[in-house]
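Just so you know, all these numbers are worked out from the coordinates, no wet-lab data involved. Because the structure is predicted, anything quoted here is derived from the model rather than measured. Here Cβ is always computed from backbone atoms with ideal geometry, including for glycine, and neighbour counts include all displayed protein chains.
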Amino acid sequence: MTQILFKDINKKNLHTMKVYEGIGGYQSLKKAFSQKPEEIVEAVKASGLRGRGGAGFPTGLKWSFLAKDVFPRYLCCNADESEPGTCKDRELLLKNPHLLIEGMILCSYACRIETGYIYLRGEFHDLSLIMDKALNEAYAKGYLGKNILGSGFNLEIHTHLGAGAYICGEESALLNSLEGGRGEPRMKPPFPAVEGLYSKPTVINNVETLCVVPFIVNEGADKHAALGTEKSKGTKLVSVSGHVKKPGNYEIELGTPTSELIFNMAGGIQNDNKLKAFIPGGSSVPMLPADKVDTPYDYESLAAAGTMLGSGALIVIDDSINIVEATLRLISFYMHESCGKCTPCREGTRWLHQIVERIMQNKGQLEYITKLEDICDNMAFKAFCPLADACVAPVVSSIKYFRSDYEEYFKNVPAGTSR
Amino acid sequence: MAKYKFTEDQEKEISDILGKYPVKTSALLPLLTLVQRSDQLVSPGAMVAIGEKLDVSPAYVQSVMSFYTMYHTKKVGKYMILFCINISCQLNGCDKLLEHTARKLNIKVGETTSDEKFTLHREECLAACTEAPMMRVNDTYYGNLTEQRIDQIIDSLD
């Protein structure tokens with residue numbers, strides 16, 4: 001299987017300039033600088049690359065939306081990896097920081113950007129040191145700074161650490177946080193491409209997305225577009241976690257069956273239990289039952305199955321647990337991470353938590369399910385940002401596919417229990 | 001209240017940080033992090049001093065700070081243990097391991113040991129799900145935890 005991102009990932013000292021250059025690192029820069037910036041944007045468009053952070057928006061198109069002739073412009077690399085189940089960017093940053101820098105240089109050249117920030121979640125302090133070291137190496141080699149390789153193009157890249165807030169992975173919240181404010185999302189429009197960081201045109205891309213760009217410049221857009229399916233081009237890093245024997249980050253060509261990831265790459269289910277459910281794209285997307293495990297892992301097929309590819313975090317759940325337990329854990333997460341700005345999210349997450357907790361204490365009744373669905377209905381697409389929708393996803397899908405798991409708790413309700 | 005003073009090294013670091021941004025306020029989180037890494041908390045005096053550096057009010061500093069979970073206003077242990085309890089860790093038995101850790105330290109989750117060496121907190125996903133169950137002790141990630149491994153890690157910290 002073709003690998004773009006993980007081909008050399010376990011090569012010793014890949015994080016150093018010497019080893020990275022040894023495998024052809026930074027070769028794309030000369031090729032890029034011999035072209036017009038717009039040609040790179042066109043190539044990324046033609047490659048079919050889509051945002052790997054969660055939304056799956058076409059990358060080249062995003063770049064082409066930058067407000068015309070407004071400068072300075074900024075690039076923000078979103079390294080606030082916090083979606084439960086997701087840990088692919090951590091592996092890239094840890095083992096191959098130069099690939100990200102190379103991708104950021106290409107993006108900046110294409111978009112005429114002279115300042116870039118890598119926004120890392122606060123807990124990634126160790127990775128920020130690795131990144132800083134790699135950046136210093138790149139400055140020393142003249143890949144960053146003034147007049148890069150004599151091209152006349154200038155670029156500064158800085159790391160910036162957050163301080164513990166899931167919502168800062170949402171791009172407009174990230175901008176507020178980077179500006180030194182509370183990480184609350186902004187009203188859109190204006191979109192960041194028009195008014196982003198410091199109200200200037202800004203590109204915000206996920207780590208993995210930027211890491212694909214050197215391949216596109218080196219090998220050509222066609223080579224990338226030839227991988228994957230008709231609409232989901234290229235490869236994807238998938239973090240497989242939960243009840244599998246060999247959890248890990250695996251790079252697949254988009255369109256590979258989900259079953260291949262779970263039963264082959266990740267070694268199948270722990271203790272040879274039975275697969276019960278899987279969450280294909282991180283905690284914010286609906287879960288699917290075991291009988292959908294052959295769904296091809298790509299944007300369209302997963303959408304057709306009623307869920308999303310999201311950030312590429314495949315969470316595998318076996319039949320040893322009641323799905324309501326896992327659902328409560330996820331609700332609890334969103335309740336904790338709700339920034340409190342919008343009522344449906346702030347109150348809704350708490351109500352869902354109270355009701356599901358009560359169900360698990362055997363104090364529920366059948367009508368509670370209707371109540372949960374009603375609350376979800378009042379939360380979905382009614383808040384400022386997608387956090388409320390994310391909380392709704394596991395609740396609605398668990399009720400849809402595993403209603404009997406809820407009903408388990410309605411049996412044996414102690415007599416005289418107050419409802 | 002004595003005025004909070006940055007050390008000479010910190011002053012140098014602050015000027016490097018400020019150099020990264022065209023707008024000063026962007027340095028707020030980095031400055032809070034700088035203070036906390038040296039003092040293990042952010043005191044009201046430090047909030048005033050940071051505000052002065054960035055031309056913002058102490059109340060603004062506090063309002064931003066309170067949004068983020070990593071800043072503390074009270075002293076925490078020398079080792080901050082953040083124990084991930086999110087889904088991938090849950091599926092791999094973190095609840096029992098967290099209980100074990102609390103028992104081993106003889107504290108409840110959320111507390112600090114009486115010798116101020118360890119603070120134990122539940123934490124949401126730390127992005128190391130393929131190594132679940134996992135915890136972060138200060139800046140270090142520890143994955144594939146078992147009771148024995150937790151004991152070894154805790155015993156090895158001095």
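The range A:177-238 and the range A:318-349 have Cα centres separated by 28 Å. Three semi-axes describe the equivalent ellipsoid of the range A:73-130; taken as square roots of 5 times the Cα gyration tensor eigenvalues and ordered largest first, they are 21, 12, 10 Å. Between A:N205, A:N136, A:N96, the residue with the greatest mean-square fluctuation in the GNM of chain A (Cα pairs under 10 Å linked by springs) is A:N136. Between B:T140, B:T73, B:T112, the Gaussian network model of chain B with springs among Cα atoms under 10 angstrom shows the greatest mean-square fluctuation at B:T140.
To the nearest 20 debye, what is the magnitude of the charge dipole of the range A:323-408 about its Cα centre, counting +1 on the Cβ of each Lys and Arg and -1 on the Cβ of each Asp and Glu? Mind showing how you got there, number by number?
Numbers: 10 positive and 12 negative charges, 52 e Å.
For the range A:323-408, the charge dipole is close to 260 debye.
Residues A:W63, A:W351 in ascending order of nearby Cβ atoms (within 10 Å, fewest first): A:W351, A:W63. The C-alpha atoms of chain B define a longest principal axis, and helix B:8-18 lies at about 90 degrees to it.
For the range A:235-318, would you read off the P(r) tail past 21 Å as a percentage of all alpha carbon pairs? All intermediate terms of the calculation are to be shown ahead of the outcome.
Working: 465 of 3486 pairs.
Every Cα pair in the range A:235-318 considered, those over 21 Å come to 13 percent.
Within the straight-line cut-off of under 19 Å between alpha carbons, the lysines reachable from B:K117 are B:K74, B:K75, B:K78, B:K104, B:K108, sequence neighbours fewer than 8 places apart in one chain being disregarded. Each listed q (0.12, 0.16, 0.28 Å⁻¹) maps to a log10 I(q)/I(0) for the range A:355-419 from the Debye sum over equal C-alpha point scatterers, namely -0.34, -0.55, -1.19.
Determine by what factor the alpha-carbon radius of gyration of the range A:22-166 differs from 2.2 N^0.38 Å, reporting the quotient. Kindly include the intermediate steps, with their values, before the conclusion.
Details: Rg = 15.1 Å, N = 145, 2.2 N^0.38 = 14.6 Å.
Computed over Cα atoms of the range A:22-166, the ratio equals 1.04.
Taking a threshold of 22 Å on the Cα-Cα distance, which of the pairs A:K276/A:K400; A:K7/A:K62; A:K62/B:K20 fall above it? Pairs exceeding the cut-off: A:K7/A:K62; A:K62/B:K20.
Projecting the Cα positions of A:F278, A:L237, A:N264 onto the charge dipole of the range A:145-279 (unit charges on Cβ atoms of Lys, Arg, Asp and Glu, taken about the Cα centre) puts A:F278 furthest along the positive direction.
For chain A, modelled as a GNM whose springs connect Cα atoms under 10 angstrom apart, the maximal fluctuation among A:G282, A:G164, A:G152 occurs at A:G152. Per-residue mean of foreign Cβ neighbours for A:39-49 is 0 (Cβ atoms of other chains, 10 Å radius). Mean projection of the Cα convex hull over all viewing directions, computed for the range A:1-48: 4.4 nm².
Seen from a random direction on average, the alpha-carbon convex hull of the protein assembly as shown projects onto 27.1 square nanometres.
Counting neighbouring beta carbons within 10 Å and listing from fewest to most, the residues A:T307, A:T209, B:T130 come out as A:T307, A:T209, B:T130.
Of the residues A:M131, A:M17, the one with the fewest other Cβ atoms within 10 Å heads the list, and the complete ranking is A:M17, A:M131. With a 10 Å cut-off around each Cβ of B:130-137, the average count of Cβ atoms from other chains is 4. Of all complete DSSP H helices in chain A, those with a Cα span along the helix axis of 24 Å or greater and a mean Kyte-Doolittle hydropathy of -0.5 or more are A:387-408. Relative to the compact-globule estimate of 2.2 N^0.38 Å, the Cα radius of gyration of the range A:176-315 comes out at 1.24. Using equal-weight Cα scatterers in the Debye expression, the normalised intensity of chain B in log10 at q = 0.20 Å⁻¹ is -1.14.
Relative to one another, the C-alpha centroids of the range A:161-175 and the range A:30-48 are positioned 30 Å apart.
Is the range B:8-65 best put as rounded, prolate or oblate by its Cα gyration tensor, with a ≥ b ≥ c the root eigenvalues, rounded for a/c under 1.5, and otherwise prolate when a/b is larger than b/c, oblate when not? Oblate shape, in that a/c is at least 1.5 and b/c is the bigger or equal ratio. Between the range A:248-301 and the range B:56-113, the C-alpha centres lie 32 angstrom from each other. Rg of the Cα atoms in the range B:79-156, relative to 2.2 N^0.38 Å, amounts to 0.97.
When the Debye formula is applied to the Cα atoms of the range A:268-419, each taken as the same point scatterer, what base-10 log of I(q)/I(0) results at q = 0.14, 0.19 Å⁻¹? After summing over all Cα pairs, the log10 values are -0.69, -1.17.
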